[in-house]
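First up is the structure itself, then whatever we jot down about it.
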């Protein structure tokens with residue numbers, strides 16, 4: 001076997017690391033505009049979807065600027081025209097799933113009491129289990145749910161296992177995803193915490 | 001040509017060498033992530049095999065693992081970034097699993113066992129075939145898990161609604177990792193039966 005001196009080893013690894021770092025930086029900065037554009041388009045598409053619009057991602061940014069007006073500077077609240085023609089308020093949600101962050105948008109009716117639609121997303125929930133929060137069926141189940149109970153107390157929309165906690169009325173709850181307890185609980189928490197915060201602004 | 005076909009069956013990285021099993025359990029709940037994962041691993045395995053083979057005579061043996069790791073990480077990050085920029089939906093589907101390709105023993109295994117001692121072209125072929133051998137198992141496992149676990153294939157429903165109405169239920173165990181392990185076990189059994 002060939003002998004390599006220590007100097008050679010040090011120079012070799014330094015050179016290799018430098019080359020790789022430079023190339024990776026180039027790749028990353030070169031692709032950044034496209035990545036950012038994808039993310040922006042996705043955000044617009046998610047808010048639009050929560051408002052009931054089914055729009056292709058390539059057209060989402062344009063459609064969004066026509067339909068939505070920002071209510072705050074931080075991009076967390078928008079006034080948006082829903083698919084049924086009424087106005088709604090889109091609110092950004094952030095929460096914790098099992099493996100990483102989960103987030104989404106909820107569109108509320110103008111009085112802030114009824115959920116018109118939601119759209120969820122996640123970083124790394126388990127495919128087939130927690131990742132099902134992005135399923136159409138799960139997101140649809142939030143539509144028309146109330147944030148307040150009959151006595152006017154804030155309960156948010158709870159995500160609960162079917163058949164449990166009978167004291168929460170049907171109009172204040174949706175069914176959790178079986179096999180994804182922690183992700184479902186994360187959505188539950190997220191709805192509860194983020195919407196009460198935002199609602200206090202009204 | 002025939003010698004390169006080994007990884008698909010008699011030298012399959014998962015079924016015979018039992019490498020890369022944990023990612024085979026993690027990404028096979030549905031068919032689509034499994035296929036994209038298989039392609040990503042194939043690309044990374046082929047490219048790093050090629051590069052390591054090209055520079056194999058300059059690598060000091062004492063730091064060869066570090067050099068291999070650097071090359072593998074480089075390709076994994078590039079694949080991840082390209083997926084994010086071009087196939088955004090697919091990259092979201094795979095999320096953390098792309099990053100975890102770095103730790104896939106198949107890739108390091110092939111670098112150690114093959115690329116360090118062979119010419120670039122055979123190394124490239126070896127990488128491609130091992131990636132495909134890995135992918136084949138992923139696809140087979142994902143097929144059964146998605147079909148029986150969710151009643152869908154490639155996110156399209158294949159089990160008719162009338163079956164559900166008649167009392168058919170999806171098997172919840174199928175989408176959990178233990179069932180993947182059992183399925184991989186069955187495949188290993190089948191492979192052993194064929195090999196003997």
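Every number in this text was worked out from the coordinates using simple rules, so none of it is lab data. This is a predicted model, so every value here is computed, not measured. Cβ placement follows ideal geometry from the backbone for every residue including glycine, while neighbour counts extend to all protein chains displayed.
At what distance in angstrom do the alpha carbon centres of segment B:147-196 and segment A:83-99 lie from each other? So the separation of the two Cα centres works out to 34 Å.
Inter-chain neighbour count for A:127-133: the average number of beta-carbon atoms from partner chains within 10 Å of each residue's beta-carbon is 6.
Scoring B:8-17, B:113-122 by mean Cβ neighbours within 10 Å over their residues and listing the highest first yields B:8-17, B:113-122. Entry note, segment B:1-117: relative contact order of 35 percent, from Cα contacts under 8 Å with a spacing of 6+ residues.
Per residue of peptide A:18-29, the mean number of Cβ atoms on other chains within 10 Å of the residue Cβ is 2.
With just the Cα atoms defining each centre, how far is segment A:150-197 from segment B:74-123? Give it in Å. That distance is 40 Å.
Does segment B:13-195 come out rounded, prolate or oblate by the C-alpha gyration tensor, with a ≥ b ≥ c the root eigenvalues, rounded set by a/c under 1.5 and, if not, prolate when a/b is larger than b/c and oblate if not? Taking the square roots of the gyration eigenvalues as a ≥ b ≥ c, segment B:13-195 is prolate.
Other chains' Cβ within 10 Å of B:85-91 residues: what's the mean?
Counting Cβ atoms of other protein chains within 10 Å of each residue's Cβ and averaging gives 4.
The distance between label points at residue A:32 and residue B:11 comes to 4.4 nm (points 7 Å beyond Cα on the Cα→Cβ vector). Counting neighbouring Cβ atoms within 10 Å and putting the fewest first, the residues A:173, A:35 line up as A:35, A:173.
The peptide list B:175-183, B:153-161, A:184-192, put in order of mean Cβ contacts within 10 Å with the highest first, becomes A:184-192, B:175-183, B:153-161.
What relative contact order, as a whole-number percentage, does segment B:13-195 give when Cα pairs under 8 Å and 6 or more residues apart are counted?
Working: 231 pairs, mean separation 68.2, N = 183.
Taking the mean separation of contacting Cα pairs over the length of segment B:13-195, I get 37 percent.
Based on DSSP H segments of at least four residues, each scored -39500 (n - 2.57), the protein assembly as shown has a per-residue ellipticity at 222 nm of -17500 deg cm²/dmol. For chain A, the longest principal axis of the alpha carbon atoms and the long axis of helix A:57-67 meet at an angle near 50°. If a/c stays under 1.5 just call it rounded; otherwise compare a/b with b/c (prolate if a/b is bigger, oblate if not). Do that for segment A:70-199, with a ≥ b ≥ c from the square roots of the Cα gyration tensor eigenvalues. It is oblate, given that a/c is not under 1.5 and a/b is not larger than b/c.
Which residue fluctuates the most in chain A, going by a Gaussian network model with Cα springs under 10 Å, if the choices are A:153, A:38, A:66? Of the options given, A:153 has the highest mean-square fluctuation. Each label was represented as a point 7 Å from its Cα along the Cα-to-Cβ direction; for residue B:170 and residue B:22 these points are 2.7 nm apart.
Normalised by the number of residues in segment B:90-195, the mean separation of alpha-carbon contacts (under 8 Å, six or more apart) gives a relative contact order of 19 percent. DSSP bridge analysis restricted to chain A gives an antiparallel fraction near 90%, rounded to the nearest 5.
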